[in-house]
Amino acid sequence: MTFIPRHIYTKLKNHLSEPEISLILGPRQSGKTTIMKKLQKELQQQNKSTLFLNLDINEDKQFFQTQHTLIDYIKSKISNKPTVIFIDEIHRLTNAGLFLKGLYDLKTKYKFIISGSGSLELKANIIEPMTGRKKIFYCLPISFTEFITYKLNTTEKKAKTLLDQNPLQASRLVNEYINYGGYPRVISTQTHQNKINILTEIFKSYIEKDILLLLNIQKDQAFRNLIKLLATQTGNLINYNELSSTLGLNLKTLKKYLYLLEKTFIISLTPPFFQNARKELTKSPKVYFLDLGLLHLAQGILPSLQNQIIGNTFENACFLRLKELNLFHQIHFWRTKSGAEVDFIIHSPKTGQPIPIEIKLNPKKNILGKSLINFIKKYQSKQSFIYSLNTKHISSKFNTHTIPFHHLPKI
């Protein structure tokens, strides 16, 4: 399979010299195995000692009875010299968190790079046992920045310049990404039908392997229906009572399912920003999908897409762009009880000051929404942004930058 350069790859390489276990978590088929294989190949080309084990393979699984069984096997293959050990599909192992804790505590000369699906964190309670013993690297579907650098075969900076210079090419790539999302196999295949087939397979595998098999969810039809309902409500507030009634689930089960969807990297629940609990919403989050192709599949509109951007999909796409900023603070939204709303609130990494961001497919020049102005005045924001499909403009009013989708806000 074609290797698509990923930011996580550089981060993993930089962590090779650190003693902690490098733990890669992400949804199925997001590229975890490909990244590990690529890194192993690069290390081998440098004459470094490596070993790759896969818990999907019974022949490998037999060596994971105890930590000492595994170490004895590794020594039999490569002696006791410093070696990078890759372990794929660790979620197949019962009590993976405790197993890895014990493995780390043996203080061997081996560097471990380990991958697991989204269900690992839930199934193995992996975080607590491994405190101070691991660094987590999240391998999510490919970001738009990674997508365009791959498609244009260039650097991030040059890719942005090329799209600025060629609006038609920018429009084509933006449409492709927003329609089909960022799963590597989807990106690297060419035809519309093949992309649909791959997304369908990914979703089926997620339900059957993560939800039914590993997490043992009984009401799988209600779970599927929840995903479909959320897909029609992307960018909207979660109405727990309405969802509970529609699906025939009690609130406790509904909230458990939403939690599982977050932890398995299907959705993100975005909390409200507030400082005045009497006047601003404080509880209900908004829902966004972490892959736009799966969003369209769940909406049932994937077969009919014709390079058009539908409904709240653009807002969801902009949410994913903002996640690329790797902000210390969460992304929020702002809504008052009187109905004023700003789509996203992020925080300046330098000052911590809130920065409001509005989403407008085709904004009108020099016209700012009343809610945006109210927020800027209320919280004295020094800058604000309007995310558009392809418009670029700076307004003297409140230092508001209108930026096209292929740009990231400079904060």
Item to check | Top-ranked residue in the stretch 200-220 [being closer than 14 Å to residue 298 by Cβ and of a type outside the set (A, V, I, L, M, F, W, C); ranked as surrounded by the most Cβ atoms within 10 Å (Cβ to Cβ)] | outcome: 206
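So which of 152, 173, 168 is in contact (Cβ under 8 Å) with a residue 60 or more places away in the chain and of a type in the set (A, V, I, L, M, F, W, C)?
Selected residue: 173, the only one of 152, 173, 168 that is in contact (Cβ under 8 Å) with a residue 60 or more places away in the chain and of a type in the set (A, V, I, L, M, F, W, C).
Kindly indicate the residue of the stretch 274-306 that is more than 30 Å from residue 174 (Cα to Cα) and of a type in the set (Ser, Thr, Tyr) and also modelled with the highest pLDDT among those meeting that condition.
284
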Checklist entry - Within the stretch 182-241, restricting attention to residues that are among the basic types (Lys, Arg) and not in a loop (DSSP other than H, G, I, E, B), which residue is nearest to residue 2 (Cα to Cα)? => result 185
Checklist entry - Across the stretch 39-88, which residue is nearest to residue 19 (Cα to Cα) among those that are among the charged types (D, E, K, R) and buried (at least 17 other Cβ atoms within 10 Å of the Cβ)? => result 88
Next on the checklist: Residue under question is residue 410, and the condition is that it be out of contact with any helix residue (DSSP H, G or I) (no Cβ under 7 Å at 6 or more places or on another chain), farther than 28 Å from residue 157 by Cβ and either outside any helix (DSSP H, G or I) or of a type outside the set (Val, Ile, Thr) (or both); does it hold?
Outcome noted: no
Item to check | Members of the stretch 347-380 that are assigned to a loop (DSSP other than H, G, I, E, B) and over 28 Å from the mean Cα position of the chain (by Cα) | outcome: 364, 365, 366, 367, 368, 369, 380
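Residues checked against (1) charged (D, E, K, R); (2) in contact with a helix residue (DSSP H, G or I) (Cβ under 9 Å, 6 or more places away or on another chain):
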position	(1), (2)
35	no, yes
47	no, no
50	no, yes
54	no, yes
59	yes, no
111	yes, no
Next on the checklist: Quick check on the stretch 73-89. Is at least one of its residues at pLDDT below 95 and within 20 Å of residue 117 (Cα to Cα)?
Outcome noted: yes
Item to check | Which listed residue, of 81, 111, 48, 13, is part of a helix (DSSP H, G or I) and touching a residue at least 24 places away in the same chain (Cβ under 8 Å) | outcome: 13
Checklist outcome for this item: Those residues of the stretch 252-273 which are in a loop (DSSP other than H, G, I, E, B) and either buried (at least 17 other Cβ atoms within 10 Å of the Cβ) or among the hydroxyl-bearing types (Ser, Thr, Tyr) (or both) amount to 264, 265, 266, 273
Item to check | Meets criteria (part of a loop (DSSP other than H, G, I, E, B) and surrounded by 13 or more Cβ atoms within 10 Å (Cβ to Cβ)) for residue 402 | outcome: no
Next on the checklist: Looking at residue 244 and the list (1) over 20 Å from residue 333 (Cβ atoms); (2) in contact (Cβ under 8 Å) with a residue 24 or more places away in the chain; (3) of a type in the set (Gly, Ala, Ser), which single condition is not satisfied?
Outcome noted: (2)
Next on the checklist: List the residue pairs whose Cβ atoms are under 8 Å apart, where the first residue sits in the stretch 247-259 and is under 15 Å from residue 220 (Cα atoms), the second is outside any helix (DSSP H, G or I), and the two are 6 or more positions apart or on different chains.
Outcome noted: 249/219; 253/219; 257/217; 257/249; 258/238; 258/267; 258/269
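The values are calculated or read from the model by the stated rules, or taken from the named source; none is laboratory data. The structure displayed is predicted, hence computed values, not measured ones. Here the Cβ is made from the backbone with ideal geometry for all residues, glycine too, and neighbour counts use every protein chain on show.
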